[in-house]
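As structure tokens, the structure follows; a few thoughts come after it.
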Amino acid sequence: FMAVDGLSLEIKKNSFTGLLGPNGAGKSTTLKILTHLIRATSGTAEINGIDVAVSPKAALSGVGTVVETPEFYTYLTPRETMQYIGGIIGLERETIAAQTDKLLADVKMTDWTDKKIGTFSKGMRQRIALAQALLGDPSVVILDEPTSGLDPRGMAEIREVLKNIRTSSRDLTVLMSSHMLHEVSDLCDQIALVNHGK
């Protein structure tokens, strides 16, 4: 089968863009190519003008992502998870500590900061995933169907968090895939439609 075919897309800086299309349209594959999880057989994918396939480390520096279902070490707490991720991306301990408290408050997880992630619902894990994607003040955030698989309450909570991110951050470019028109029209200031990889 053909996975994406001839997609041409440019995202405006400091926009909240929705990549909208039905299941199987090529949304997730496109985001995996952008985040260097898979390689495209042809064409180029660039972030801030840097080719992801040629210089993945440089292209993805300053990029936060949540692609597919987020996985966590279930025996860690959100605070420990943020320390772990912050260490991987090279942040100072003080920076991690300060950003952890702020980001967990932003995603409404302050009351669960020191509880084990293994006890969390899928919606709670998704909020932790959003917090870790924002760690280190990225200039670009890529989200692959952030409300997928959530119940209506969980979906509403994630949408509320995304709305707050959109209104509170002027220097952030967000690309979010979804197959739900009402979701992208509610959250995004521009929408790209993709179907059968076009």
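No lab work stands behind these numbers, since they all come straight from the coordinates. For clarity, every value in this text was computed on a predicted model and none was experimentally measured. Here the Cβ positions follow ideal geometry from the backbone for every residue, glycine too, while neighbour counts run over all protein chains shown.
Which ³J(HN,Hα) values in Hz, rounded to whole numbers, follow from the phi angles of region 81-97 under the Karplus curve 6.51 cos²θ - 1.76 cosθ + 1.60, where θ = phi - 60° and Gly and Pro get x?
Those phi angles translate into 5, 5, 5, 5, 5, x, x, 4, 8, x, 7, 6, 4, 5, 5, 4, 4 Hz.
Could you list which residues have their amide H under 5 Å from that of VAL141, counting only those 5 or more apart in sequence or on another chain, with H placed in the peptide plane?
So VAL141 has HN proximity to GLY64, THR173, VAL174, LEU175.
For a quick check, take a GNM of the chain with Cα springs below 10 Å and name the residue from GLY49, GLY26, GLY136 with the largest mean-square fluctuation.
Highest fluctuation among the options: GLY49.
Name the residues whose placed amide hydrogens come within less than 5 Å of the amide hydrogen of GLU46, ignoring near sequence neighbours (fewer than 5 apart) on the same chain.
For GLU46, whose amide H was placed from the backbone, the distant partners under 5 Å are VAL52.
Pop the C-beta distance of GLN190 and THR95 into the FRET formula with R0 = 22 Å and round what comes out to the nearest 0.05. Could you put the intermediate results ahead of the total?
Working: r = 32 Å, r/R0 = 1.44.
The formula returns an efficiency of 0.10 here.
Using the structure shown, list the pairs from LYS32/LYS115; LYS102/LYS163; LYS32/LYS198; LYS32/LYS57 with a Cα-Cα distance above 19 Å, or answer none.
Details: LYS32/LYS115 31 Å; LYS102/LYS163 16 Å; LYS32/LYS198 16 Å; LYS32/LYS57 15 Å.
Where the Cα-Cα span goes over 19 Å, the pairs concerned are LYS32/LYS115.
Could you grab the Rg to Rh ratio for the chain? Cα atoms only, Kirkwood for Rh.
Numbers: Rg = 16.4 Å, Rh = 17.2 Å.
Expressed as Rg/Rh, it is 0.95.
So what's the gap between the Cα centers of region 1-46 and region 164-198, to the nearest angstrom?
13
So which GluC sites (Glu not before Pro) in region 72-114 are both in a DSSP loop and have at most 10 other Cβ atoms within 10 Å of their Cβ?
GLU92
In a shell of Cβ-Cβ distance under 12 Å around ALA58, excluding ALA58 itself, what net charge do Lys and Arg (+1) and Asp and Glu (-1) give?
Numbers: positive: LYS57; negative: GLU46, ASP51.
My count for the surroundings of ALA58 gives -1.
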